[in-house]
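What follows is a short report on a single structure.
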Amino acid sequence: MTVNLTVENGCVQFICSNELEPMLEQGTASVRRVSHVEWDYNQQGWTADMSPVGGTVLGAFKHRSEALKAEHEWLVRNRNL
């Protein structure tokens, strides 16, 4: 697994996953949602809403896993995470 870490203003930023949860115990942790992967009834597919971090809505995708992959790729490409 490749993990991208970004340090900004003394804070380490990364995409949280079960494998990385031990990092949350290394100091004072703050976890925030940077996107919303949800079913879109109008489009009848899964979308990844990246607006909390200045992005757009990705999708619609047939499978939730596709929306999660697009979300991850967007964060790597646009937020260096």
**Message:** Quick check on GLY27: is it out of contact with any helix residue (DSSP H, G or I) (no Cβ under 9 Å at 6 or more places or on another chain) and assigned to a loop (DSSP other than H, G, I, E, B)?
**Reply:** yes
**Request:** Have a look at HIS36, HIS63, HIS72 and point out the one that is more than 13 Å from the chain's Cα centre (by Cα) and of a type outside the set (Asp, Glu).
**Result:** HIS63
**Residues of the range 28-81 satisfying the condition of being closer than 25 Å to VAL7 by Cα and aromatic (Phe, Trp, Tyr)** = TRP74
**Fill in**
Within the range 1-38, residues in contact (Cβ under 8 Å) with a residue 12 or more places away in the chain and over 20 Å from ARG79 (Cα atoms) come out as GLU19
**Message:** Anything in the range 48-71 that is assigned to a helix (DSSP H, G or I), in contact with a Phe, Trp or Tyr (Cβ under 8 Å, 6 or more places away or on another chain) and of a type in the set (A, V, I, L, M, F, W, C)? List them, or say none.
**Reply:** ALA67, ALA70
**Prompt:** Among the candidates GLY55, GLY59, which residue alone is at positive phi, surrounded by 14 or more Cβ atoms within 10 Å (Cβ to Cβ) and touching an Asp or Glu at 6+ places or on another chain (Cβ under 9 Å)?
**Reply:** GLY59
**Request:** Test TRP46 against the stated conditions and say whether it is over 30 Å from VAL12 (Cα atoms) and either at pLDDT 95 or above or exposed (fewer than 11 other Cβ atoms within 10 Å of the Cβ) (or both).
**Result:** no
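The values are calculated or read from the model by the stated rules, or taken from the named source; none is laboratory data. Quick caveat: nothing in here was measured; it's all calculated off a predicted structure. Methodologically, a virtual Cβ is constructed for each residue, glycine included, from the backbone with ideal geometry; neighbour enumeration extends over all protein chains shown.
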